[in-house]
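J.: One structure, as structure tokens, below. Some questions next.
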Amino acid sequence: MDVTSTTTDLAVTSASTTGVAKLAEYARSKARRRRTERVIELVLLLAACVSVFTTIGIVYILVRESAAFFAKVPLWTFLTDTQWTPLFDDAHFGIVVLLAGTVSSSAVALSIAIPLGTIIAIYLSEFAGHKTREVMKPLLEMLSGVPTIIYGYFALLFVTPLLQKIYPELPGFNVLSAGIVMGVMIIPYVSSLSEDAMRAVPMSLREGSYAMGATRFQTAVKVVVPAALSGIAAAYILGISRAVGETMILAVAAGMQPNLTFNPLEPAATITAFIVQVALGDLPHGSVGYQTIFAAGLTLLLFTLVCNIGGHLLRKSFREAY
């Protein structure tokens, strides 16, 4: 009996020791996981802060340099003057000239990108087969990877001569050819995001539409598109921001001539093209001509901010939760 009792006590003690060791090991493992998760959270927080601080730094630089510019040039003159010749002896600082070129080129590009991008998105989402979609979508997205300088020379050396056969009086540098090529470049942004938004619409909505006797086209246009409207609007806003911020296509093919016109058949200068023109020059730092790029950049930033705010409000008003 004594031997049996001693053996039993030893077994219980050994089991208890093993259980305590396992609990201690589990506690240590849990503590290591917590430390690892905290490190990962810290790294992710720092990554997020980098973008925030970068944005703050950009805004600070633009505002500081623009304040020095507006100390020499009245804001009212900047907004109302109809000429833009900051590098001439008879200097004029009418930003509306550059805004006209930016708006006209963006309008041409969006008139190409939004309809075609939406049609392509509807086809890929509702009509294309799985294999077709898997082939076409990556090929379409490759357009966004082509350097914009290549698009610029394509517009200048191919699209413009082609348009001149239709409109012989078209000048060699014009907003129309640059806008058309820019629209082709923006199509993947619109189509890809719109297609993702349409694919996210629950299948039950489509099945309900089919049960009511609707065709695939009617279901796509009257059910899927309205249900995905918030995501499609986000794609449109991205396309607008991309068009407004494009530089090299317009710098190469649009002529960089500051004309106050909304006619796409004429050459024009945009805000981004002017910034490139001045940044590549030899103007002394701190001069009024040099500071114009910061005032123009701030104007462009405010313009895109207004577009993004409008897009956010639009998405919020049409957002659907499934």
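The values are calculated or read from the model by the stated rules, or taken from the named source; none is laboratory data. Remember, it's a predicted structure, so these values are computed and weren't measured experimentally. Glycine also receives a Cβ, built like all others from the backbone with ideal geometry; neighbour counts cover every protein chain displayed. Accessible surface areas use protein heavy atoms only, side chains included; no ligands, DNA or RNA. Shrake-Rupley method; radii C 1.70, N 1.55, O 1.52, S 1.80 Å.
J.: Working with all protein chains in place, sort 207, 65 by solvent-accessible area computed with a 1.4 Å probe, largest first.
T.: The ordering from most to least exposed comes out as 207, 65.
J.: Hey, another quick one. Return the tail of the calculated pair distribution for the range 46-136, meaning the percent of Cα-Cα pairs more than 16 Å apart.
T.: Counting every Cα pair in the range 46-136, those more than 16 Å apart make up 74 percent.
J.: Another question about this same structure. Counting only helical runs of four or more DSSP H residues, what would the 222 nm mean residue ellipticity of the chain come to if each run contributes -39,500 (n - 2.57) and the total is spread over all its residues?
T.: When only DSSP H runs of four or more count, the value is -24000 deg cm²/dmol.
J.: Along the charge dipole of the chain, which of 182, 287, 54 sits closest to the positive end, that is, farthest toward it, with unit charges on the beta carbon of Lys, Arg, Asp and Glu (+1, +1, -1, -1)?
T.: It is 54.
J.: Given the chain, report the % of alpha carbon pairs whose separation exceeds 24 Å.
T.: Tail of P(r) above 24 Å: 67 percent of Cα pairs.
J.: For the range 196-273, what is the Kirkwood estimate of the hydrodynamic radius, computed as the reciprocal of the mean inverse distance between distinct Cα atoms, to one decimal in Å?
T.: 15.6 Å
J.: Once the convex hull of the alpha carbons of the range 17-77 is built, what does its volume come to per residue, in cubic angstrom?
T.: Residue-normalised Cα hull volume stands at 62 Å³.
J.: Quickly work out the residue 306-to-residue 283 label distance, labels modelled 7 Å from Cα along the C-beta direction, and quote it in nm with one decimal.
T.: A separation of 2.3 nm, rounded to one decimal place.
J.: A follow-up question, please. Only Cα pairs within less than 10 Å get springs; with that Gaussian network setup on the chain, which residue of 248, 212, 256 has the largest fluctuation?
T.: 212
J.: How far apart, in nm, are two points set 7 Å out from the Cα along the Cα-to-Cβ line at residue 22 and at residue 313?
T.: The two pseudo-label positions are separated by 6.3 nm.
J.: May I pose another question? For the chain, set up a GNM with springs between Cα atoms under 10 Å and report which of 75, 44, 157 has the largest fluctuation.
T.: Looking only at 75, 44, 157, the biggest GNM fluctuation is shown by 44.
J.: Tell me whether the range 98-178 comes out rounded, prolate or oblate; compute the Cα gyration tensor, take square roots of the eigenvalues as a ≥ b ≥ c, and use a/c under 1.5 as the rounded threshold.
T.: prolate
J.: Further question: What angle, in degrees between 0 and 90 and rounded to the nearest 10, separates the Cα long axis of helix 229-245 from the longest principal axis of the Cα atoms of the chain?
T.: Once rounded, one gets 50 degrees.
J.: Then there is this: If you take the beta carbon distance between residue 205 and residue 158 as r and set R0 to 45 Å, what does 1/(1 + (r/R0)^6) give as a FRET efficiency, to the nearest 0.05?
T.: Between residue 205 and residue 158 the formula returns 0.55.
J.: Determine the per residue accessible area of the range 60-170 with all protein chains present and a 1.4 angstrom probe, expressed in square angstrom.
T.: Value returned for the range 60-170: 56 Å² of accessible area per residue.
J.: With only alpha-carbon pairs counted, each pair once and no self-pairs, how large is the Kirkwood hydrodynamic radius of the range 167-322 in angstroms?
T.: 18.4 Å
J.: Where the eigenvalues come from the Cα gyration tensor of the range 76-222, what are the semi-axes √(5λ) of the equivalent ellipsoid, largest first, in whole Å?
T.: 41, 19, 14
J.: Please find, in a Gaussian network model of the chain (springs between Cα atoms separated by less than 10 Å), the residue of 23, 87, 62 whose mean-square fluctuation is greatest.
T.: Result: 23 has the largest fluctuation of those listed.
J.: Would you mind telling me the share, in percent, of accessible area of the chain contributed by carbon and sulfur at probe 1.4 angstrom?
T.: Answer for the chain: carbon and sulfur cover 69 percent of the accessible area.
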